[in-house]
1. Among the numbered conditions (1) part of a helix (DSSP H, G or I); (2) within 30 Å of Ser122 (Cα to Cα), tell me where Ala276 comes up short.
2. Report yes if Val130 is within 19 Å of the chain's Cα centre (by Cα) and more than 30 Å from Lys222 (Cα to Cα), otherwise no.
3. Name the residues in segment 91-129 that are surrounded by fewer than 21 Cβ atoms within 10 Å (Cβ to Cβ) and β-branched (Val, Ile, Thr), would you?
4. Do the conditions hold for Arg437, that is, is it crowded, with 23+ Cβ neighbours inside 10 Å and more than 16 Å from Arg342 (Cβ to Cβ)?
5. Taking the condition of being crowded, with 18+ Cβ neighbours inside 10 Å and small (Gly, Ala, Ser), how many residues in segment 215-257 meet it?
6. Looking at segment 420-431, I want the residues that are assigned by TED's automatic domain parsing to the domain that holds Ile390 and among the hydrophobic types (A, V, I, L, M, F, W, C) and have a partner that is in a loop (DSSP other than H, G, I, E, B) and crowded, with 24+ Cβ neighbours inside 10 Å with Cβ atoms under 7 Å, at least 6 apart or on another chain. Which pairs are those?
7. Filter segment 529-565 down to the residues that are among the basic types (Lys, Arg) and either closer than 12 Å to Val489 by Cα or touching a Leu at 6+ places or on another chain (Cβ under 9 Å) (or both) and list them by number.
8. Hand me the list of helices (runs of 4 or more DSSP H) wholly inside segment 409-450 holding 2 or more residues that are of a type in the set (A, V, I, L, M, F, W, C) and under 30 Å from Ala117 (Cα atoms).
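The values are calculated or read from the model by the stated rules, or taken from the named source; none is laboratory data. Predicted model, so just to flag it, every value in this text is computed and none were measured. Positions of Cβ are backbone-derived with ideal geometry, glycine not excepted, and every protein chain shown enters the neighbour counts.
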Amino acid sequence: MVGSFTRAIAVAGIVGAASCAPAAQAPVSAPLPAASSEGATASSESADRAVAALADRYLALLVENSPEHATSLGIHDQDARLDDRTPAGFEAALAREERFLDELERVTFEGKPSRSAEIDLSLLRRMVRVSVRKAREQRPLQTNPSHYLRPISALFEMLARPAPTNEACARAAILRLEQLPGVIALAKANLDNPSRAATEAALEDARGVDEFLVHHRAFLEKHGGDAKRARRAVTKAIAAYADYAKWLEKDLLPRSRGQFAMGRELFEFLLREDYALSEDADEVYVIGKRAFDRAKAELEKAARAIDPDERRWPDVIARLKANHPTPDGLVSAYSNETTRARAFLAAKSIVPFPPGEILEVKETPEFSRATTQAAYDMPPPFDTTTAKGIFLVTPADPSWSAAKQEEYLREHGNGNIVDTVVHEAYPGHHLQVSFARLHPSVVRRVADSNIFCEGWGLYAEELMSEVGYYTPEERLFQLEWALVRAARVLIDVGLHTRSMTIDEAARLLVDEVHLEPVLAEIEARRYALSATQPLSYVLGAEHIRSLRDRWTRERGPDLHAFHKAVLSEGSIPPALVEHAIFGAPERP
């Protein structure tokens, strides 16, 4: 499996990032209702309302600071705006967020909030702490060339789900398009010594912008109210990003010598705050090594069961990889498998299904194909007009040689497709976020904690093995990807706290996990640019399994009931899910 969970294509925090029916929002400058940072605070009966008011203010702040992020959330009243990427605008947005964080840290209540509100407040503080610190220390204006591609992600979100009407969406999209040459001018002025990996990733994605915009030009001309203006906006945007790609390659790349490594201190801060983990980086590494050794042993056992005469599991998998769709049949193969997986789960009542969920399988937009092979794009949590998720599949590039196309398709063999669908669709990401977006809490609908989302995806794979979904051959591919996920822990910790290079990471994936070199290179670079996300699969699944063990001890073995309880709490760290369900950590 070569998938990833995504809201938009890449969104990172209020300041770092920003679809078409507005949500109710409190003014950013409004005082805290029934709550005070000075100590005289809400009465006990209004404590929950005070927490909810903080969440409303957070959402309003998010929309003000990042219209692009607001688009991905399904809040559309700022769809004509882009994020302010001037240094002064960035600092002003960050200052607003820092002031709000200061209030959050000092606020108290006379009465005790409910358990649910306590979790919301903890989550809110964690999210803003992480956003502020990452913005301060990572300096995306200066070090992240992909930051200037995020307006294209926001346009994808708008055009994938036009709302509230085709006309309103098209008009807003044209206004955003007209701002894109200015975005590229700011990129050239702001960027200063990013890492080579960051520039390479942005360069590959920038080269796909023209195809994406050309694809949507007819929609904009038809619905935007002024066909000539739409055509002109598209033409200028294409030229701007073509120029950006040329500048990245000829100017910025040769001088991209910055460090991609996050460093131990910030890395462990994210483990504590973003994921609510008690483990440090070294303890996380130990967990990853244990998972790696376990997956490798299970792989060897499963391979012998399929072919007792074959001594090496990679050779069994290599032979099975030859069973793959044709280039033209790749997307439909994924679509057919999503239908089968959902029907299986419904027949066995293993998981609940939320009302109205819809999943569409479609090709990945051109501008994101360099870093995405299969991914799930969630339905916007605040858009009440749709519950449709989008399962993105990247086809083989027809410009590749026949040999390279075959190498790529081998990573999308039939066994891999089955496991990818389980992870990305049913009972994985699509099912999980379809529940999360229904949570009544504003802050939980904004939240999309990797450790729960990706942890749930890996847990879903193991669950489907447990209930007998896979054939022995399909199980072998699931175990191969369990090995990949465990290797990600080792590489994530290694790249960001142990001086591992990207080449060393790719070599580990080729030598120990036996990924094809083209995929290993893509994966290693992605890990370098997304610290703590790669480890979230294994760490999250471990904690969800621990939750299930506790549930079984205290409440019985009903899988459907457990899954309903866990999925109903939103995309929050498993430690907070445990608090929501049980009220307190389990006693030793």
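1. (1)
2. Details: within 19 Å of the chain's Cα centre (by Cα): yes; more than 30 Å from Lys222 (Cα to Cα): yes.
Considered against the rule, which asks whether it is within 19 Å of the chain's Cα centre (by Cα) and more than 30 Å from Lys222 (Cα to Cα), Val130 comes out as yes.
3. Once the filter is applied, which keeps residues that are surrounded by fewer than 21 Cβ atoms within 10 Å (Cβ to Cβ) and β-branched (Val, Ile, Thr), segment 91-129 yields Val107, Thr108.
4. Details: crowded, with 23+ Cβ neighbours inside 10 Å: yes; more than 16 Å from Arg342 (Cβ to Cβ): yes.
So Arg437 passes the test.
5. Residues that pass the stated criteria total 7.
6. Matching pairs, first to second residue: Val422/Gly428.
7. Here is the first cut: in segment 529-565, the ones among the basic types (Lys, Arg) are 545, 548, 550, 553, 555, 564.
If the condition is that a residue be among the basic types (Lys, Arg) and either closer than 12 Å to Val489 by Cα or touching a Leu at 6+ places or on another chain (Cβ under 9 Å) (or both), then Arg548 is the only one that fits.
8. Working: elements: 414-424, 429-436, 442-446.
Helices (runs of 4 or more DSSP H) meeting the threshold: 429-436, 442-446.
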